[in-house]
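We did not get these values from a lab; they are worked out from the coordinates using the rules stated. This structure is a prediction, so every number in the text was calculated from the model and none was measured. Every residue, glycine among them, receives a Cβ derived from its backbone with ideal geometry; neighbour counts consider all protein chains shown.
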Amino acid sequence: MSKVVLLAINSKYVHSSLAIWVVAGGVSRYARLSHDVKVVEATIHQANGEIVERITDFAPDVVGISTYIWNAAKLPELIGSLKEKLPKTTLVLGGPEAMYNAEYWLAHGADHVLRGEGEFSFPSLLDSLSGVQYVPSESECPGEPIDPYSEDYFNTLRGRIVYLETSRGCPFCCSFCLSGGSDVRFFPMDAVKEWIYKLSRSGTQTIKLVDRTFNCDAKRAYELFEYIIGLDTNCCFHFEVAADLFDNRTLSLLGNAPAGRIQLEAGLQSFYEPALKASFRQTGIEKAKKNIKNLLRNGNIHMHVDLIAGLPYETLSIFQDGFDRAFMLGAHTLQLGFLKLLHGSVLRSQAQSLGIQYNPHTPYEISSSHWLSTEDLRTLRETENALQHTYNKSRFLSTLRYALSVSGLRPFTLFHLLGKAAPNHGAHLADYARQIYDCFSKFPNVREDVLLDCMVCDWLGIVKGKNMPQFMRNADRERKQVKKIAENSLGHGLARDEAAILLSGVGVYVDSHDRDPVTGLYRLHFTKL
């Protein structure tokens with residue numbers, strides 16, 4: 001028997017690990033010898049000394065570490081500390097950051113680097129280290145999937161985000177991705193439904209499916225959507241989907257889902273055909289646009305749309321056009337991501353021939369190319385900063401709509417001007433609100449009184465008016481009158497700043513018991529004095 005620590009280092013506390021629990025389950029099922037396995041979950045924000053102490057307390061013979069782009073920068077120092085404290089312990093790395101860059105990690109302290117699916121390779125290695133030579137057969141490995149959701153898993157979950165895998169692989173071959181081009185292995189439907197049911201009763205609020213293209217099999221996707229929609233739960237289920245693959249039957253089903261039950265993330269990546277072709281990306285853009293609008297029509301589905309800046313042949317002006325087209329779809333989140341040249345990806349191997357320069361350190365983001373200069377990328381990052389801290393967080397939405405409607409500015413231009421004038425790097429929300437007001441008030445045709453009224457309404461919807469910035473406050477006596485009217489109407493008390501009087505003379509208040517399950521915003525009520 002060996003004592004084993006499996007270490008996951010998550011990007012935030014709210015995230016949980018899936019891979020490490022799958023590997024733990026693999027040890028229980030496939031190892032020929034008995035091994036004492038302890039799972040340790042930490043975050044990238046924890047001090048290395050604290051993580052090392054949690055591991056050394058167990059005095060393990062083997063430490064297995066799950067590696068990703070979000071934790072790779074932390075690992076060399078952590079590995080060095082583990083080597084110092086536990087010189088006789090074997091360190092094993094797995095996961096995409098290790099398996100596609102094995103030489104680097106072996107040179108930086110790892111004793112072994114595993115390729116492939118860790119629930120099969122890791123127990124085999126453990127047995128081998130203990131003197132038993134055993135490798136699972138080809139027929140054994142792809143068998144019934146591991147159930148990672150043990151009693152220990154639920155005991156450590158504590159309401160964090162849950163991750164769920166119902167299939168493995170992806171039928172598409174996108175050159176920037178590591179999952180593409182492999183056969184899709186679908187896990188048995190009975191097992192998947194059992195996991196979903198258990199997770200829906202675990203106390204978590206969000207269950208994220210990690211299937212790379214959940215709806216690549218339309219019939220199977222329909223059956224799982226139908227099952228999830230029929231559950232008695234308040235959980236939100238997040239899926240990564242190809243928007244162009246939805247059929248009318250599934251769209252109709254999703255249109256009847258309880259509000260907030262389903263969250264969809266559709267990776268459009270680009271509207272520019274040469275960029276999609278160069279990336280081996282297969283997307284029916286026009287059908288995807290039509291389906292996204294259909295999914296948004298009933299107001300019950302939270303919709304994400306993703307774009308990638310930096311794809312081959314896409315210049316700044318071309319990307320701007322695509323951004324505006326994506327924004328006009330009206331999705332709740334428009335993710336502006338930057339091309340990452342991942343170890344093992346086809347595009348990384350082509351980077352030199354395509355003239356793509358990128359940061360050699362994680363997360364390997366593009367720094368320039370034949371089509372985007374460093375200045376162009378600065379523009380894109382300024383735009384992304386404003387987009388992320390307003391629209392994508394459902395902040396100041398009516399303010400954005402008003403400014404766009406009267407100024408004549410394109411969406412990309414508006415967000416870039418805001419990102420350049422008011423870069424947000426952890427600013428207090430009240431200070432950022434003032435910066436937004438100062439920026440937007442200079443736009444053509446913007447009336448400061450209407451702008452301020454929009455911002456007051458948005459503030460109430462975001463945070464129920466608590467600690468409203470002084471520049472938004474108006475007519476304290478009338479505000480108290482609005483609060484009194486609201487309390488009589490709602491039948492319960494309001495916090496001091498859950499009501500306001502607008503410059504237009506209309507009162508506005510929020511009901512802290514009434515939050516939109518799709519947007520997360522508090523609903524506004526208006527009253528005349």
Legend entry - ³J(HN,Hα), Karplus 6.51/-1.76/1.60, whole Hz, each residue of segment 229-245, x for Gly, Pro: 4, x, 6, 8, 7, 9, 5, 9, 9, 10, 10, 8, 9, 9, 5, 7, 8
Legend entry - Charge tally in the Cβ shell below 12 Å around GLU165, where Lys, Arg are +1 and Asp, Glu are -1, GLU165 excluded: -1
Inset, instruction - Taking the chain as the reference, fit the longest principal axis to its C-alpha atoms, fit the long axis of helix 476-490 to the helix C-alpha atoms, and give the angle between the two in degrees, 0 to 90, nearest 10. - result: 70
Inset, instruction - Work out, in µm²/s and without decimals, the Stokes-Einstein translational diffusion coefficient of segment 161-367 at 10 °C, 1.306 mPa s, Rh from Kirkwood over C-alpha pairs. - result: 88
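So which of LYS83/LYS340; LYS12/LYS38; LYS74/LYS198; LYS277/LYS340; LYS219/LYS289 end up more than 27 Å apart, counting from Cα to Cα?
In this structure, LYS83/LYS340; LYS74/LYS198 exceed 27 Å between Cα atoms.
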Legend entry - Under the Karplus curve 6.51 cos²θ - 1.76 cosθ + 1.60, θ = phi - 60°, whole-Hz ³J(HN,Hα) for segment 205-218, x wherever Gly or Pro sits: 9, 10, 10, 9, 7, 9, 3, 5, 9, 4, 9, 5, 10, 4
Inset, instruction - Quantify how much of the Cα-Cα distance distribution of segment 387-529 extends past 22 Å, in percent. - result: 38
Inset, instruction - Scan segment 190-290 for trypsin sites (Lys or Arg not before Pro) in coil per DSSP, keeping those whose Cβ has at most 11 other Cβ atoms within 10 Å, and list them by number. - result: none
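Using the number of other C-beta atoms within 10 angstrom as an exposure proxy, rank CYS174, CYS235 with the fewest first.
Listing CYS174, CYS235 from fewest to most nearby Cβ atoms yields CYS235, CYS174.
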Legend entry - Under 24 Å from LYS480, Cα to Cα: lysines that are on another chain or at least 8 residues apart: LYS464, LYS466, LYS528
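Rounded to the nearest 20 Debye, what is the dipole magnitude of the chain about its Cα centre when Lys and Arg each give +1 and Asp and Glu each give -1 at the C-beta?
Values: 56 positive and 58 negative charges, 314 e Å.
I would put it at about 1500 debye.
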Legend entry - Segment VAL132-GLU226, extension gain: residue separation times 0.36 nm, minus the distance between their alpha carbons: 29.2 nm
Inset, instruction - Scan around THR206 for amide H atoms under 5 Å from its own, H built in the peptide plane at 1.01 Å from N, and keep only partners 5 or more places away or cross-chain. - result: VAL162, CYS236
Inset, instruction - Lys and Arg at +1, Asp and Glu at -1: add these up for the other residues within a Cβ distance under 13 Å of VAL62 and post the number. - result: -1
Legend entry - For the chain, calculated [θ]222 nm from helices alone, where every DSSP H run of n ≥ 4 adds -39500 (n - 2.57): -12000 deg cm²/dmol
Inset, instruction - Compute the long axis of helix 448-463 from its Cα atoms, compare it with the longest principal axis of the Cα atoms of the chain, and write down the angle in degrees, 0 to 90, nearest 10. - result: 40
Inset, instruction - Grab the eigenvalues of the alpha-carbon gyration tensor for segment 373-446, scale each by 5, take roots, and send me the semi-axes largest first in whole angstrom. - result: 18, 16, 11
Inset, instruction - Kindly work out what percent of the DSSP beta bridges joining two residues of the chain are antiparallel, to the nearest 5. - result: 25
Inset, instruction - Show which lysines lie in cross-link reach of LYS442 when reach means a straight Cα distance below 24 angstrom and same-chain residues fewer than eight apart are skipped. - result: LYS393, LYS420
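Hull surface divided by four, with the convex hull built on the Cα atoms of segment 167-265: how many nm²? Numbers along the way, then the final one.
On the way: hull surface 25.5 nm².
Average projection, Cα convex hull of segment 167-265: 6.4 nm².
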Inset, instruction - Determine Rg/Rh for the chain; Rg is computed over alpha-carbon atoms and Rh is the Kirkwood hydrodynamic estimate from the same atoms. - result: 1.00
Inset, instruction - Fewest Cβ neighbours within 10 Å first, please rank HIS238, HIS15 accordingly. - result: HIS15, HIS238
Inset, instruction - Grab the other residues whose beta carbon is less than 9 angstrom from that of PRO123, score K and R as +1, D and E as -1, and report the net. - result: 0
Legend entry - Signed unit charges on C-beta, dipole axis of the chain, positive-most listed residue CYS170, GLY465, PHE187: GLY465
Legend entry - Inverse mean reciprocal Cα-Cα distance (Kirkwood Rh) of segment 239-304, Å: 12.4
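Assign one of three labels to segment 450-528, namely rounded, prolate or oblate, based on the Cα gyration tensor with a ≥ b ≥ c the square roots of its eigenvalues; rounded applies when a/c is under 1.5, prolate when it is not and a/b is larger than b/c, and oblate otherwise. List each step's numbers first, then the result.
Numbers: a/c = 1.63, a/b = 1.12, b/c = 1.45.
Verdict is oblate for segment 450-528.
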Legend entry - Hits among aspartates and glutamates - C-alpha to C-alpha of LYS290 under 19 Å, sequence gap 8 or more where chains match: GLU240, ASP244, ASP247, GLU265, GLU273, ASP306, ASP321, ASP324
Inset, instruction - Determine, for LEU354, LEU460, the number of other Cβ atoms within 10 Å of each Cβ, and report the residues in order from fewest to most. - result: LEU354, LEU460
